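Rule-based calculations on the coordinates, nothing more; no lab input. Note that the structure is a prediction, hence the values are computed from the model and not measured. So basically every Cβ, Gly included, is an ideal-geometry build from the backbone, and we count neighbours across all protein chains shown.
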There are 2 protein chains.
Amino acid sequence: MTQSETVTTGRRRGGGRRGTAARRGLQAVEQAPWVKIKNRDRPTEPLRPEEVERVHDATMRVLEEIGIEFLNPEAVKVLKEAGCEVRGENVRMDRELVMELVGKAPDSFTVTPRNPDRQISLGTGHIYFGNVSSPPNYWDMEIGRKVPGTREFFRNLLKLSQYFNVIHFCGGYPVEPVDLHPRVRHLDAVHDKLLLSDKAMHVYSLGKERVEDGMEMVRIANGLSHEEFEASPRMYTNINSTSPLKHDHPMLDGWMRMAARGQALVVTPFTLAGAMAPVTMSGAVVQSLAEALAAVVLAQAVRPGAPCMIGTFTSNVDMKTGAPAFGTPEYMRATQITGQMARFYGLPMRSSGVCAANVPDGQSMWETEHSLWAAIQSGTDMVYHAAGWLEGGLIASPEKFIMDCEVLSQIQRYMEPEVCDVSDDSLAVEAMREVGPNGHFFGIQHTQDRYETAFHQPFLSDWKNYEAWEAAGAIWTPERAHGIYKQILNEFEAPPLDVAIAEELAAFVDKRKEEGGAPTDF
Amino acid sequence: MTQSETVTTGRRRGGGRRGTAARRGLQAVEQAPWVKIKNRDRPTEPLRPEEVERVHDATMRVLEEIGIEFLNPEAVKVLKEAGCEVRGENVRMDRELVMELVGKAPDSFTVTPRNPDRQISLGTGHIYFGNVSSPPNYWDMEIGRKVPGTREFFRNLLKLSQYFNVIHFCGGYPVEPVDLHPRVRHLDAVHDKLLLSDKAMHVYSLGKERVEDGMEMVRIANGLSHEEFEASPRMYTNINSTSPLKHDHPMLDGWMRMAARGQALVVTPFTLAGAMAPVTMSGAVVQSLAEALAAVVLAQAVRPGAPCMIGTFTSNVDMKTGAPAFGTPEYMRATQITGQMARFYGLPMRSSGVCAANVPDGQSMWETEHSLWAAIQSGTDMVYHAAGWLEGGLIASPEKFIMDCEVLSQIQRYMEPEVCDVSDDSLAVEAMREVGPNGHFFGIQHTQDRYETAFHQPFLSDWKNYEAWEAAGAIWTPERAHGIYKQILNEFEAPPLDVAIAEELAAFVDKRKEEGGAPTDF
């Protein structure tokens, strides 16, 4: 498909669909309510217990013998006081200390956003999905090419994130709003997030001002005192190590500030096997665990009991070109192994819904499916980037967002115990007796009583036969998704927010803009 | 994407790619060898042991109290002699008899094709993939619309089936060659299959002549005496029940003929919940099991120890339109539950790689992925239709075939124990020590020793960044697949066959054509 063709068909067909739906007054998407999805599947565990011990031992040896660089004097000071061995920026910690401090992290906790009905509980056997976060670029069928993110695209993708009930939490910026000046970008962007979404949200660890402003804005939006804000997690941050074996200054600064105030902490090493990590998958996982546990140790030294999660982003590169790959067989196994290790350390886990594909085609879906199943199989608690990600995270796409939400809503249904019910009514021997060998089940009471809720009803899948599909315009999946995207934007209503709180929030943003926002010199 | 656009871009781009590859003398696909894939993942089991007993009890009640219709007097006679209760065509069997006869079926067996290196072993914890079978229609990017199957398309898809090592067995006709007269179609089609493929193959149970001719041709191609042919399975058939609760004449005829000669037998009820089966998934599974076990009982009555497998095709319909759906959440759970029950009865299992999508787009891949993971999670032995299926089995597509084979080759890699190796060398503590916090892993010996085989190298996935992908023509997945399809056809070489055997086979086909082939009056 060329760009020009994409644009043409996207416009014409998408427009037709929207027009029809609008005339009929239909909702863009009929969806199940926001629920905490219990992951009912036993995890897939590639390692035997003694192999788990081997991975643990290697991880501890990295922390004891090689050490992690902490490029932040305050962090080094805290770790030294906690009993670590410090040489300049290199910090080594013996396994007894690591296990003692990691043991102080809770094995479960909650994050409560401004809408308490959207509270997420981590470490409780649930699986939560979040929107794509942090791509610098945007792509949609109408534009037909990769363009820099803007506040308009950012807000549109936020609307999708709020609209879909199967998106449980609101990650980082769903696309970078690069038309906002970096000095004030965090103020406008977090403001937009708090107005357009009431879901548990992420604040970037990118320097003192951004972190403190983010926490203050979440506190105001939640209508809390400072004491209430610090009493339990109301938001979360994510830091990435600078692999190999290094944590950078601003990330550590945000990490410690959030830890001190009891907010939720996720550390996700970006360990690409063969590039920033060993070419062997278990080696890359060991490095990821060492980098992650070192940050957990720091958080516990700052505030014992600080709520921590370990993230995984271990994948491999194309060894011919060095390009990162996602949703590969090696990615799946690394994710499953990390899940085994997260349970070993008693920490909740984050993974991702990711792909390397550049457009929302077949490849994008098989890669994303593989990362999604790895998340389910690993016992992942939070699935970042579960909707809308393309090009290894460099592109956010609304069509991909819609396609992913269809899949996620199928996973929600897949996890419902009703699907596997074996009550007498479900086993249906009497229904079979009634129908016998020459009838059909469409018309009988057993079917009539159940047919409206018996099966997942997709909003994007097209189940028409070929001839009917052709007569309806022969519309491929991404073009159908584009139409739904536009319809959702037309329908969108922001979640309610108390007027006094909205005014306080706006006043805070104005004040901080007047003060100059955040410095941009790092 | 409109049809005309599809055709244009498919032709131009595909041609360019083929041309370049041909000039450089490249193979279309670099692939791993044909291997038996061990399924290393513990099955996903939605039912608790007592729930398995409930499903079993309901299944037995259907067989005891409602019965199955066998529209074949010979089958009824055999079952009556075996101890079943017969009223006309209705056959009831009590659970003791069912379990006794099902217990005579082996829990594992092999099927050995004319190339003994392609022997498949069922019931041994392996997972095997087969090509799409039986669609009446064909679709490719160049034609851009649905057209009836022909012998040319049939042969082209057979070449793909033989070419890909990740296709372990050769199912029914990959598309129906409707330009061959039904009287002689089976002779030419089975002849083509035996010439173009050396993999374990299926023969349709569609009347005495077709079944007997199929067995005789396989016997000749394998160079076997009649006694050798009957000593162990050399081929297999599949029958579908006429749900609800009925087996049809020609299918039963083929089933008994193959059973008598010790060939492998697969029975796959087509139980669409809400249409030919109860609207509840466990009810639909119960009906499927009852229909399948009734056929297994018949096979064991014909020849104790006949190698049998139960298949599942339980899915749901769109309750708004009655259209069948595939790869749904309900389909996945039904497949997993059937896997639990297959283990309970000690029988190998067949499931499928299926979708409802009409074209090889994102929907086709998420639906096929769901059915593929259900196959893995259920402990399926044979995955029918694992490559090339569209429109609920009404269309065979070479682009979908290529896309599916990319995914299957990733699954092959996923199951290799090397991915999860935790030897000291893989844990790589010394490599991390060597690189330290400021280096990278590209250049070190640990990487150099392993990089060529460290990761799955896809043949279809495009891992280039957006700009490089755009510069290379911005080619979406199905168009890339089309180019590979054409290149494989150019490269294809038929597997070797002894000249004397080839002559004997051709003489048999000629003789049977002279005799008039098969009657076409049923």
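Rounded if a/c is under 1.5, else prolate if a/b is larger than b/c, else oblate: which is region A:301-435, with a ≥ b ≥ c the root eigenvalues of its Cα gyration tensor?
It is oblate, given that a/c is not under 1.5 and a/b is not larger than b/c.
Once the label point is placed 7 Å from Cα along Cβ, list for residue B:124 the distances to the corresponding points in the other copies, in nm, shortest first.
Here residue B:124 shows inter-copy label distances of 4.8 nm.
For chain B, go through all pairs of different Cα atoms, get the mean of 1/r, take its inverse, and jot down that Kirkwood value in Å.
24.2 Å
How far is residue B:143 from itself in the other copies, in nm, if each label sits 7 Å out from Cα along the Cα-Cβ line, shortest first?
Here residue B:143 shows inter-copy label distances of 3.9 nm.
Label-point separation (nm) for residue B:489 and residue B:503, each offset 7 Å from Cα along Cα-to-Cβ?
A separation of 3.3 nm, rounded to one decimal place.
Out of all DSSP beta bridges in chain B, what portion is antiparallel? Express it as a percent rounded to 5.
35 percent
Peptide A:313-323: average number of partner chain Cβ atoms within 10 Å per residue?
Other-chain Cβ atoms within 10 Å of each residue's Cβ, averaged: 4.
Could you tell me whether the protein assembly as shown comes out rounded, prolate or oblate from its Cα gyration tensor? Rule is a ≥ b ≥ c as square roots of the eigenvalues, rounded for a/c under 1.5, then prolate if a/b exceeds b/c, otherwise oblate.
It comes out prolate by the Cα gyration axes.
How far, in nm to one decimal, is residue A:514 from itself in the other copies if the label point is set 7 angstrom along Cα toward Cβ? Shortest first, please.
So the label point of residue A:514 gives 10.5 nm to the other copies.
Could you name the aspartates and glutamates whose alpha carbon sits less than 12 Å from that of residue A:246, not counting residues in the same chain fewer than 8 places away?
A:69, A:89, A:291
For region B:357-399, run through the chymotrypsin sites (Phe, Trp or Tyr not before Pro) and keep only the ones in DSSP coil with at most 10 other Cβ atoms within 10 Å of their Cβ.
Here no loop site has a sparse enough neighbourhood.
Restricted to Cα positions, what overall size does region A:264-366 have along the principal axes? Three whole-Å values, descending.
For region A:264-366, the Cα spread along each principal axis is 45, 27, 20 Å.
Averaged over A:326-332, how many beta carbons belonging to a partner chain fall within 10 Å of each residue's beta carbon?
So the per-residue partner count for this stretch is 6.
Normalised by the residues of region B:363-456, what does the relative contact order come to in percent, with Cα pairs under 8 Å and at least six apart?
Relative contact order here is 14 percent.
May I ask you to derive the FRET efficiency for residue B:438 and residue A:142 from their Cβ-Cβ distance with R0 = 45 Å, giving the value to the nearest 0.05?
Using R0 = 45 Å, I get an efficiency of 0.50.
With a cut-off of at most 11 other beta carbons within 10 Å, and DSSP calling the residue loop, which trypsin sites (Lys or Arg not before Pro) in region B:130-201 qualify? Please list them.
none
Going by Cα centres, region A:27-51 and region A:233-269 are how many Å apart?
Answer, in whole Å: 26.
Leaving out same-chain residues fewer than 8 places away, which aspartates and glutamates sit with a Cα under 16 Å from that of residue B:511?
Partners within reach: B:188, B:209, B:212, B:213, B:216, B:503.
Per residue of B:453-460, how many C-beta atoms from partner chains lie within 10 Å of its own C-beta, taken as a mean?
The mean count of partner-chain Cβ atoms within 10 Å per residue comes to 6.
If packing is taken as the mean number of other Cβ atoms within 10 Å per residue, what is the order of B:74-84, A:53-63, highest first?
Order by mean packing, descending: A:53-63, B:74-84.
Mind giving me the FRET efficiency for residue A:228 and residue B:208? R0 is 51 Å, r the Cβ-Cβ distance, nearest 0.05 is fine.
0.05
By how many nm would the segment from residue B:50 to residue B:448 lengthen if fully extended, with 0.36 nm per residue of separation less the alpha-carbon distance?
So the extension gain works out to 138.0 nm.
Need the C-alpha centroid separation for region B:287-337 versus region A:339-386, integer Å.
Each part reduced to its Cα centre gives a spacing of 31 Å.
For residue A:400, go through the lysines and keep the ones whose alpha-carbon is under 24 Å away, minus same-chain ones fewer than eight residues off.
Leaving aside lysines fewer than 8 places away in the same chain, those within reach of residue A:400 are A:36, A:146, A:159, A:193, A:199, A:464, A:486, B:400, B:464.
For every helix of n ≥ 4 consecutive DSSP H residues, a contribution of -39,500 (n - 2.57) applies; sum these over chain B, divide by its total residues, and give [θ] at 222 nm rounded to the nearest 500 deg cm²/dmol.
Counting only the DSSP helices, I get -14000 deg cm²/dmol.
For residue A:515, project a label point 7 Å along Cα to C-beta. Then give me every residue of region A:198-234 with its amide nitrogen under 13 Å of that point.
Counting only backbone N, you get A:208-217.
List the GluC sites (Glu not before Pro) in region B:313-371 that DSSP assigns to loop (not H, G, I, E or B) and whose Cβ has at most 10 other Cβ atoms within 10 Å. Which are they?
Answer by residue number: there is no such site.
Measuring from the lowest to the highest alpha carbon on each principal axis, how far does region B:164-312 reach, largest first, in angstroms?
For region B:164-312, the Cα spread along each principal axis is 47, 37, 33 Å.
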